[in-house]
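Below is one structure, written out as structure tokens; the observations come after it.
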């Protein structure tokens, strides 16, 4: 059953990516992975809502105990994490702890924060999604890399690699009443792919091109 589910998931990924712009493929992989984990009860609704919207609580009256390297907004986000899920219990104390502070500083200052191990207790108990939640608070500018790492851990590297353009696969999915439609960006021209495919299928003599002009 697991092999069947994996094959179906992979087939859906390849099929859907054919119709997505390059910039949207990682978003689809992330949402697909998150949905799978939510259905498996590995991501709670509270965790998902916090990731999307942050905390609804007001922490402006709370002192920032790590003000030497964290802005108030980031500290409030950490307090929100603690209230979001028991797994984050004690993370604010860790961030302000003299012994753990160098590790958190390295994460905050790193260009690849997902590659830096958190203090041992959190490295061991947080799920990949919860670690992504932490990085979303502390290093939002590197969220795309964090999401790639999350998808890679949970689903595999296949789902963060953009599938190559597969016109033959599109042809197999099409029919005389289900045409292939190209949504072109400036400078894109799929005709060479069409011509090569027609030659490979022995249909080059039947391939016709009609120019409709520009605009």
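The values are calculated or read from the model by the stated rules, or taken from the named source; none is laboratory data. The shown structure was predicted, so the numbers you read here are calculated from the model rather than taken from an experiment. Positions of Cβ are generated from backbone atoms using ideal geometry, with glycine treated the same way; all protein chains shown enter the neighbour counts.
Details
- Residue match in the stretch 163-171 (condition: out of contact with any strand residue (DSSP E or B) (no Cβ under 9 Å at 6 or more places or on another chain) and modelled with pLDDT of 85 or more): no
- Number of positions in the stretch 55-68 that are touching a helix residue (DSSP H, G or I) at 6+ places or on another chain (Cβ under 8 Å) and closer than 21 Å to residue 101 by Cβ: 6
- Taken over the stretch 164-181, residues that are surrounded by 13 or more Cβ atoms within 10 Å (Cβ to Cβ) and under 26 Å from the mean Cα position of the chain (by Cα) amount to 4.
- Condition met for residue 31 (surrounded by 15 or more Cβ atoms within 10 Å (Cβ to Cβ) and not in a loop (DSSP other than H, G, I, E, B)): no
- Screening the stretch 69-149 for helices (runs of 4 or more DSSP H) wholly inside it with 3 or more residues that are under 25 Å from residue 24 (Cβ atoms), in the same structural domain as residue 50 (by TED's automatic domain parsing) and in contact with a helix residue (DSSP H, G or I) (Cβ under 8 Å, 6 or more places away or on another chain) returns the ranges 128-138.
- Within the stretch 185-209, residues that are under 14 Å from residue 171 (Cα atoms) and assigned by TED's automatic domain parsing to the domain that holds residue 20 have Cβ atoms under 7 Å from residues that are at pLDDT below 80 and part of a loop (DSSP other than H, G, I, E, B) in no pair, counting only partners at least 6 apart in sequence or on another chain.
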